Ligand code: COA
């Protein structure tokens, strides 16, 4: 059995805020020059008051199904990677299921921060291999504008809102295509360098994101390099086999370092961080959707995805489109 990526979709809120506008609106002592120079971010999309992780996730899911040519009643499982759920329960996945009119089936949320989409791909394929599902919607959807501290210039400038989705379809015939492997890691000893302090079951904390940027950067460069090697070695593939790197979009400097490590020219690396900022679990499926829609990623291409985030969690996945 192969889990084929049959379709991709994305949703971005209408409101776009440039760096200078952001600084002015929130009274931040920062500049477009600082933000662009350190991160590559020029702007971000911010959700409207009535939008939620489920409403955005449902929009991305509908587009992915339409692009795949798969009817909603064929979906038998929904996994939503998010750390900004509509509510502690019901899950955002159950809300998406109802919103898109999918039939009752398996639906749950998964919390692995910015690595959430890679984790969700792995869990979806495991469900498919176990026989529990044949058609799975994998969604990453986030509203970080509601958990960043808008008075902390070192974090609030880095994030944006959005949703991305893929439809995975089980195939017993197409052995060349689909998800080739996934590699997931977590090390909770580093929990406090990137975290949301507080939550539904917590004893305190304001529910806001805190990050030691320099430390996260240091972990990112070494852990992503290692997990990318792990993915290539597991498939006995040389880095020259990779057609596209679709990385988590946190910082252009990290993305460029990974591209150089793989020996890929910049035009083979899908970049959205300049326009979307860091949309956490949504960033990879949004980037996949963009590159599939504009014709860059074609059937037969080998795509390498990698991410790191709070946990710490990190991982990579290789897929043949
Ligand atoms: N505007 C202007 N100055 C800012 C600023 C902002 N938005 N944010 C921080 N600064 C200042 C700091 O106060 C500090 O000033 P000081 O030297 O006077 O104390 C200075 O810039 C350097 O801060 P530092 O945090 O060391 O900068 P950096 O070069 O490490 O860049 C990040 C900061 C966040 C861009 C960088 O560390 C990073 O990208 N880390 C990884 C983050 C990441 O990927 N997170 C998500 C993982 S999913």
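How much of the DSSP bridge set in the stretch 43-165 is antiparallel, in percent, rounded to the nearest 5? Present the calculation step by step, with values, prior to reporting the outcome.
Details: 5 of 15 bridges.
Of those bridges, close to 35 percent are antiparallel.
Dividing the mean sequence gap of close Cα pairs (under 8 Å, 6+ apart) by how many residues the chain holds gives a relative contact order of 25 percent.
For the listed peptides 134-141, 220-227, 236-243, 121-128, a ranking on the average number of other beta carbons within 10 Å per residue, highest first, reads 134-141, 121-128, 220-227, 236-243.
Compute the length gained on full extension between residue 192 and residue 260: take 0.36 nm times their separation in residues and subtract their Cα-Cα distance, giving the result in nm to one decimal.
Working: separation 68, 0.36 × 68 = 24.48 nm, distance 2.96 nm.
Separation in residues times 0.36 nm, less the Cα-Cα distance, equals 21.5 nm.
For the stretch 178-320, how big is Rg over Rh, using alpha carbon atoms and the Kirkwood form of Rh?
On the way: Rg = 15.8 Å, Rh = 15.9 Å.
Radius of gyration over Kirkwood radius for the stretch 178-320 works out to 0.99.
Distance between Cα centroids, the stretch 1-20 to the stretch 28-53: provide it in whole Å. Going from one Cα centre to the other spans 17 Å. Over all projection directions, the Cα-based convex hull of the chain averages an area of 15.3 nm². Each peptide in 158-165, 83-90 was scored by the mean count of other Cβ atoms within 10 Å over its residues; highest first, the order is 158-165, 83-90. Peptides 288-297, 172-181, 43-52, ordered by how many other C-beta atoms sit within 10 Å of their residues on average, highest first, read 288-297, 43-52, 172-181.
Of all DSSP bridge pairs formed entirely within the chain, close to 70 percent run antiparallel. For the stretch 1-130, the calculated P(r), taken from all Cα-Cα distances in 5 Å bins from zero up to the bin holding the longest distance, is 2, 9, 15, 19, 18, 13, 9, 7, 5, 2, 0 percent. In the chain, the DSSP-assigned H stretches of four residues or longer account for a calculated mean residue ellipticity at 222 nm of -10000 deg cm²/dmol, using -39500 (n - 2.57) per stretch and the full residue count as denominator.
Please grab the % of Cα pairs in the stretch 72-199 that end up more than 27 Å from each other.
Details: 2081 of 8128 pairs.
Taking all Cα-Cα pairs of the stretch 72-199, the fraction more than 27 Å apart is 26 percent.
Any read-out appearing in this document is the output of simple, stated calculations on the displayed coordinates, not a laboratory observation. Given the structure is predicted, the values throughout are model-derived calculations rather than measurements. We place every Cβ from the backbone using ideal geometry, glycine too, and count neighbours over all the protein chains shown.
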